[in-house]
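Peer 1: Here it is: the structure, laid out below.
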Amino acid sequence: MSVQENKKTRKTTCPDCGGKIVADPKHGERSCVDCGMVVSEGSIDHGPEWRSYSFAEDQERSRTGPPRDRTGSDTMLSTSISWRDVDARGNLIEARKRRRMHRLRRMQSQSSDSTEQYQKQATAEIERMGAALGLPTDVRETATDIFRLSQTNGVLRGRSVEALTSASLHIAASNVGLPRSLGEIELVSRIDRNSIARAKRAINTKLGLAVEPGAPEEYVERFGSELDVDHRTVFTANRIIESASDEYIGSGANPVAIAAGAIYTADRMTGGNCVTQQEVSDATDVCIMTIRKHKSELLSHYEC
């Protein structure tokens, strides 16, 4: 008997009793029908990860490839024909192929309108800034949806793509409970804070989004980690903010500034790392005079 025949015999017969081996796809096993010996287990299930109870439901759920990405990376034409007339190895292509590539470039430029180009640019900007800020995928997808909705409603007219993408990311992060200050957005953006704030107001006015400014407690943990303060300081800062009156918290004051004042006050009260006002100002992008102002206001409420 040849080697190939031996391999075939070992695959179809039981090594213990010589019985027939059958596959059980439900349990991912191959076992002998005579003695019950399990020859192999843990086989890969190549079927879908869902169940269907009718033919119509099976057709609705059937799909190929990975799930669609709402950021648009798999919904738009992303291939770009280079202007260089060279092949993959860097060699100059022949004249007939150069003429063909020229026609393809012209067709591609004519087929893509400004709307698609803006969306591709915005998707790349949101992905770049979201990665720099450590924001998860769902925040980036929400920001992409906000940008497309704003573009459809004419908010982009008269504004730059960078301003609208930065504002969309700022709104999306606040909506999912992972707020980022305008100063943090400005650090990773290619545009100044005032332009981002104006674009944010335009989006809120046009779309009517209920965007909350964010609670000061949401910034304490993150800024405390950047300043390397201990857990007692973070806990005390949250208690100081909780003791403040609702009128003061909801008076329109910047929640980032309130968090900065609470961290500095708590660090002084607990005798922690003794961070300076300048260090808190650099970490939170809040001026020193504002930190002093909120420190006095928070202490007055905390002592009461």
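Peer 1: What's the total number of residues in the stretch 231-254 that are surrounded by 15 or more Cβ atoms within 10 Å (Cβ to Cβ) and at pLDDT below 85?
Peer 2: Residues meeting the conditions: 5.
Peer 1: Next question. Going by what's in this entry, would ASN175 be described as under 18 Å from the mean Cα position of the chain (by Cα) and either modelled with pLDDT under 85 or not assigned by TED's automatic domain parsing to the domain that holds ARG268 (or both)?
Peer 2: Working: under 18 Å from the mean Cα position of the chain (by Cα): yes; either modelled with pLDDT under 85 or not assigned by TED's automatic domain parsing to the domain that holds ARG268 (or both): yes.
Yes; evaluated as a whole, the condition is true for this residue.
Peer 1: Please note which helices (runs of 4 or more DSSP H) are completely contained in the stretch 1-115 and include at least 2 residues that are at pLDDT 75 or above and more than 30 Å from GLU141 (Cα to Cα).
Peer 2: Working: elements: 3-12, 55-61, 95-111.
So the answer is 95-111.
Peer 1: Let me ask something additional. Among the numbered criteria (1) assigned to a helix (DSSP H, G or I); (2) outside the structural domain of GLY130 (by TED's automatic domain parsing), which one does GLY183 miss?
Peer 2: Result: GLY183 passes all but (2).
Conditions tested, residue by residue: (1) closer than 14 Å to ILE171 by Cβ; (2) in the same structural domain as ILE203 (by TED's automatic domain parsing); (3) surrounded by 13 or more Cβ atoms within 10 Å (Cβ to Cβ).
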residue	(1), (2), (3)
GLU94	no, no, no
MET101	no, no, yes
ARG106	no, no, no
ALA124	no, yes, yes
GLU127	no, yes, yes
ALA131	no, yes, no
PRO136	no, yes, no
ASP145	yes, yes, yes
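Peer 1: Name the residues in the stretch 115-131 that are over 11 Å from the mean Cα position of the chain (by Cα) and either among the small types (Gly, Ala, Ser) or more than 12 Å from ARG148 (Cβ to Cβ) (or both), would you?
Peer 2: Kept after step one, since they are over 11 Å from the mean Cα position of the chain (by Cα), are these residues of the stretch 115-131: 115-125.
Matches in the stretch 115-131: GLN117, GLN121, ALA122, ALA124, GLU125.
Peer 1: Something else now. Mind listing just one residue for me: the one in the stretch 215-232 that is in a helix (DSSP H, G or I) and touching a Gly at 6+ places or on another chain (Cβ under 9 Å) and, of those, nearest to LEU178 (Cα to Cα)?
Peer 2: Kept after step one, since they are in a helix (DSSP H, G or I), are these residues of the stretch 215-232: 217-227, 231-232.
After this cut, where a residue has to be touching a Gly at 6+ places or on another chain (Cβ under 9 Å) as well, the list is 218, 231-232.
Working: GLU218: 8, HIS231: 20, ARG232: 23 Å.
Going through the qualifying residues, I end up with GLU218.
Peer 1: Another question, then. Looking at ASP228, ASP267 in this structure, which one is on the phi > 0 side of the Ramachandran plot and in contact (Cβ under 8 Å) with a residue 24 or more places away in the chain? Steps first, answer last, please.
Peer 2: Working: ASP267 fails: on the phi > 0 side of the Ramachandran plot.
Selected residue: ASP228, the only one of ASP228, ASP267 that is on the phi > 0 side of the Ramachandran plot and in contact (Cβ under 8 Å) with a residue 24 or more places away in the chain.
Peer 1: Can you say whether ASP267 is charged (D, E, K, R) and crowded, with 23+ Cβ neighbours inside 10 Å, as far as the supplied structure shows?
Peer 2: On the way: charged (D, E, K, R): yes; crowded, with 23+ Cβ neighbours inside 10 Å: yes.
Judged against the criteria, ASP267 is a match.
Peer 1: Return the residues of the stretch 279-293 that are in contact with a Ser or Thr (Cβ under 8 Å, 6 or more places away or on another chain) and at negative phi; say none if nothing qualifies.
Peer 2: Applying the first criterion (in contact with a Ser or Thr (Cβ under 8 Å, 6 or more places away or on another chain)) to the stretch 279-293 yields 284-285, 287-288, 291.
Once the filter is applied, which keeps residues that are in contact with a Ser or Thr (Cβ under 8 Å, 6 or more places away or on another chain) and at negative phi, the stretch 279-293 yields THR284, CYS287, ILE288, ILE291.
Peer 1: Another question, if that's okay. For the stretch 116-136, which residues satisfy the criterion of being free of Cβ contacts under 8 Å to residues at least 24 places away in the same chain and assigned to a helix (DSSP H, G or I)? So that I can check it myself, show each step before the final result.
Peer 2: Initial filter on the stretch 116-136 (free of Cβ contacts under 8 Å to residues at least 24 places away in the same chain): 117, 124, 131, 134.
GLN117, ALA124, ALA131, listed by residue number.
Peer 1: Could you check the stretch 173-221 and list, in sequence order, the residues that are β-branched (Val, Ile, Thr) and either in contact with a helix residue (DSSP H, G or I) (Cβ under 7 Å, 6 or more places away or on another chain) or surrounded by 15 or more Cβ atoms within 10 Å (Cβ to Cβ) (or both)? Before the answer, list the steps.
Peer 2: Of all residues in the stretch 173-221, those β-branched (Val, Ile, Thr) come to 176, 185, 188, 191, 196, 203, 205, 211, 220.
Result: VAL176, ILE185, VAL188, ILE191, ILE196, ILE203, VAL211, VAL220.
Peer 1: When both residues are 6+ apart or on different chains and their Cβ atoms are under 7 Å apart, which pairs have a first residue that lies in the stretch 186-204 and is under 13 Å from GLU162 (Cα atoms), and a second that is loosely packed, with under 15 Cβ neighbours inside 10 Å?
Peer 2: GLU186/ASP192; VAL188/ALA132; ILE191/SER160; ARG193/GLY183
The values are calculated or read from the model by the stated rules, or taken from the named source; none is laboratory data. Every value quoted in this text rests on a predicted model; they were computed, and no experiment measured them. Note that each Cβ is placed from the backbone with ideal geometry, even for glycine, and that neighbours are counted across all protein chains shown.
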